[in-house]
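S.K.: Quick one: the structure is below, questions incoming.
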Amino acid sequence: MLPSDLPFEILIIIANLVSLKDKSLCSRICKSWRAPFQESMLKDVVIHTKEELDAICDMSTKNPRIYQKNGQHVRHLFLYENSHPTDQHIQILQQHFPYLQHLHIKGEHFSSTTFGTAVNWNLWSSLRELWIGMETLVTENSEKMFLDIISCLPQLRRLELARHSWYTKMWFTLNDFETLHKNLPRLEHLALGLDMNELTTKDLVRISSTPPVSNLSYFDIDTKIMDYRWIAYFAHKYPKLHTLHWRTDGSGMARMKYQKEAASLFKSIPNAFKYLRTLRMKSERSQDEENLSFWEIFCPSTILVKSIKWQPYIFYDRPDIIERIIKTCMHSFSETLEILSIECLFNLDHPFLIRNAFIHHCPRLVDLNIHHCNASIELDTLLDVFPALGKLRLFGGRISVSPQASEKISISKRQLRSIEVHQATVSSATLEFISSCSRRLDNLHLSSTKVTGSISQKTGRLCIDMSRTRFENLYLGHVRFSTSEDEENEDHNLNLMILARSAVDIMKIKDNNNNPDDPMMLDNDSSNTDSNNNISDSSSSSSGSSSNNSSKETKSNTVKYTWIYTSHEKARNQWWTSNTHKLTKAQANRAHQYFCDFERERYLAMQRGPRSDDKEERTLENWTKHLYHGFTTLKCGYIEKYTIGS
């Protein structure tokens, strides 16, 4: 079959998969391709400015414009805030696009006193999705106006009402929710930014008799003033709910007033949230104890939740609240939870101790994200609790290993594949432990992170042995290496690093030999004492560049060595930025000679007294003045891709 003979149905599928530029080219290839590719080009209309909107709605021209002739093909319309649509604009767009299925409208149109009620919304009864973004809405009786609009849209599957200002006034009662669902029988996805009145005694009695909604699987509520008794209503109303997003603002106190009643009411609902798998909770301007309220309603529970994202409003000095909530959640969800994300709005002053919170074995957890909690993590202890953990992300805090970590290496085969650490501190022992016990690790991302460990007094080397690890991606951005003794002294950095990595992808060899458990070692030296041969090999290998202006990257048998110098300076956000340079062969030779006699060189430096140049800016020009602090060697297996620097 020739391409020109392809049926229209297949061509339209192909057209929807190619870029807009390619659609234009394809529409001119042959006559049979013109209609499907032009139809696909017209499927989405995006209007950013008032000028664009005025041009599309201009009816004064004698020659019909493209949207007047072909508007029946448009299915998606996006009206952004700078387009400033009026009722008249909407009415013209309804004429142009009679079969619209998806409408995204944001801006002042739904903040006016009419709230779009002057438009005949029945003309867009084919809509499947509606997203409305409201600015400051002060219209009286806006709830009725909104419900009148959606009563004309019975085909809606997805409805989102977002507000971008707390001044927006829209209050829903239980009757309003009942009206909404009566008018939208096919609704599957509902997201509302509005407030809810306190439930009356009559409402509470009525909850169990309201007809459940069988189609709704996603519910997102963003509310300022409410009471938690509403949870019982939604548990009854949405029995097939799969995802629940609950966002609250702490300016309303009604929820604390009905705390005990809310918990009792929720537990009286048969099979409440039986199909719930994803739970998101965000609180703003809430009292510390209020963060507990939501979870104490849900727990203890038999709900099979798989994913939790919690964004608490916890004050700087209350890590105990986080620990209590985690214990409460884990008691109910430890057997089913697969993804857990905790993102504090403030960085806690006192460390949040992971070992105090995660006391329940969680065999299915594969993804853990802890953000701004000042978490103190003993990685080996964490992996004991989460044996299936594959991805760990930490923003702020500290990662270390317990004194018993070395005893666990020989008996453990962990599933950890990816670690991301931002603005935190990691011990060198932690990185070595990961490499030894997590053979699947292939991604390490350290950003604005401090790595600490002990250096050899003989050679000045901080050795980090990750030679068992084959990296798909290694990222070290603005990373500072320092000794454990000088951890708090920001001027005592180990600015020089040697990256030692395998020149051969050992995994391919292992696959061929069918022996996946045989570790690849770069050399026999895994301690913090150095071998002169290692430095000698890397600094004098004949495979290195013969030019002093080239980067110093040498090979010794199957190992590549790259010498890297990094200088740091304080940034405005209290962290730091860095400049990274690869040393030339001559510079690497000079460093090699220095560290061959490190004990003597450091003794002489100490005899000269405090170094005034410790406070000066470190650059590639004065790099030799700071060698007496020591250097770092990072030994890895094969690396597919690496980035060191910004």
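S.K.: Can you list the strands (runs of 3 or more DSSP E) lying wholly within segment 410-460 that have 3 or more residues being out of contact with any Asp or Glu (no Cβ under 9 Å at 6 or more places or on another chain)?
M.R.: Strands (runs of 3 or more DSSP E) meeting the threshold: 418-422.
S.K.: Let me ask you something else. Out of all the residues in segment 386-409, which are outside any loop (DSSP other than H, G, I, E, B) and crowded, with 18+ Cβ neighbours inside 10 Å?
M.R.: Residues satisfying the conditions are Leu392, Leu394, Phe395, Arg398, Ile399, Ser400, Ala405, Lys408.
S.K.: Let me ask something additional. Only residues that are within 24 Å of the chain's Cα centre (by Cα) and closer than 15 Å to Lys635 by Cα: list them for segment 444-471, please.
M.R.: Correct list: Leu444, Val451, Phe471.
S.K.: Limited to segment 426-446, what total is found for residues that are among the polar types (S, T, N, Q) and at pLDDT 95 or above?
M.R.: Here the count works out to 4.
S.K.: Thr136 versus (1) surrounded by fewer than 16 Cβ atoms within 10 Å (Cβ to Cβ); (2) modelled with pLDDT of 95 or more; (3) outside any helix (DSSP H, G or I): which is the lone unmet condition?
M.R.: (2)
S.K.: Do you know which of the residues in segment 151-166 that are of a type outside the set (Lys, Arg) and modelled with pLDDT under 95 is nearest to His181 (Cα to Cα)?
M.R.: Among those that are of a type outside the set (Lys, Arg) and modelled with pLDDT under 95, it is Leu161.
S.K.: Right, Leu100: crowded, with 16+ Cβ neighbours inside 10 Å, modelled with pLDDT of 85 or more, within 18 Å of Leu127 (Cβ to Cβ) and in contact with a Pro (Cβ under 7 Å, 6 or more places away or on another chain) or not?
M.R.: It is false that Leu100 is crowded, with 16+ Cβ neighbours inside 10 Å, modelled with pLDDT of 85 or more, within 18 Å of Leu127 (Cβ to Cβ) and in contact with a Pro (Cβ under 7 Å, 6 or more places away or on another chain).
S.K.: In this structure, does Leu192 turn out to be part of a loop (DSSP other than H, G, I, E, B), among the hydrophobic types (A, V, I, L, M, F, W, C), in contact with a Leu (Cβ under 7 Å, 6 or more places away or on another chain) and in contact (Cβ under 8 Å) with a residue 12 or more places away in the chain?
M.R.: Against the criterion (part of a loop (DSSP other than H, G, I, E, B), among the hydrophobic types (A, V, I, L, M, F, W, C), in contact with a Leu (Cβ under 7 Å, 6 or more places away or on another chain) and in contact (Cβ under 8 Å) with a residue 12 or more places away in the chain), Leu192 does not qualify.
S.K.: Note down all Cβ pairs under 6 Å where the first residue falls in segment 364-378 and is more than 17 Å from Ala388 (Cα to Cα), the second is of a type outside the set (Gly, Ala, Ser) and surrounded by fewer than 18 Cβ atoms within 10 Å (Cβ to Cβ), and they're at least six residues apart or on different chains.
M.R.: His371/Glu343; His372/Asn347; Asn374/Asn347; Asn374/Pro351; Ser376/Pro351; Ser376/Leu353
S.K.: Another question, then. I need the full set of residues from segment 206-216 which are part of a loop (DSSP other than H, G, I, E, B) and surrounded by fewer than 17 Cβ atoms within 10 Å (Cβ to Cβ), in order please.
M.R.: Thr210, Pro211, Pro212, Ser214, Asn215
S.K.: Of all residues being outside any helix (DSSP H, G or I) and modelled with pLDDT under 90 in segment 274-299, which is farthest from Phe219 (Cα to Cα)? Just the residue, please.
M.R.: Here the residue is Gln287.
S.K.: Same structure, new question: Being within 17 Å of Leu444 (Cα to Cα) and at pLDDT below 90: is that true of Arg398 here?
M.R.: No, not satisfied.
S.K.: In contact with a helix residue (DSSP H, G or I) (Cβ under 8 Å, 6 or more places away or on another chain), aromatic (Phe, Trp, Tyr) and under 17 Å from Lys309 (Cβ atoms) - does that describe any residue in segment 355-377?
M.R.: Within segment 355-377, one or more residues are in contact with a helix residue (DSSP H, G or I) (Cβ under 8 Å, 6 or more places away or on another chain), aromatic (Phe, Trp, Tyr) and under 17 Å from Lys309 (Cβ atoms).
S.K.: OK, next. Across segment 106-132, what is the number of residues that are closer than 15 Å to Thr86 by Cα, modelled with pLDDT of 85 or more and either of a type outside the set (Phe, Trp, Tyr) or not in a helix (DSSP H, G or I) (or both)?
M.R.: The number of residues fulfilling the criteria is 3.
S.K.: Is one or more of the residues making up segment 199-218 modelled with pLDDT under 95 and in contact with a strand residue (DSSP E or B) (Cβ under 6 Å, 6 or more places away or on another chain)?
M.R.: No; the residues of segment 199-218 include none that is modelled with pLDDT under 95 and in contact with a strand residue (DSSP E or B) (Cβ under 6 Å, 6 or more places away or on another chain).
S.K.: Of all residues in segment 181-193, which are within 22 Å of Thr248 (Cβ to Cβ) and surrounded by 21 or more Cβ atoms within 10 Å (Cβ to Cβ)?
M.R.: Answer for segment 181-193, where residues must be within 22 Å of Thr248 (Cβ to Cβ) and surrounded by 21 or more Cβ atoms within 10 Å (Cβ to Cβ): Leu190, Leu192, Gly193.
S.K.: Can you tell me how many residues in segment 345-394 are more than 19 Å from Ala405 (Cβ to Cβ) and polar (S, T, N, Q)?
M.R.: Number of matching residues: 3.
The values are calculated or read from the model by the stated rules, or taken from the named source; none is laboratory data. All figures in this text were calculated on a predicted structure; none of them were measured in a lab. Glycine also receives a Cβ, built like all others from the backbone with ideal geometry; neighbour counts cover every protein chain displayed.
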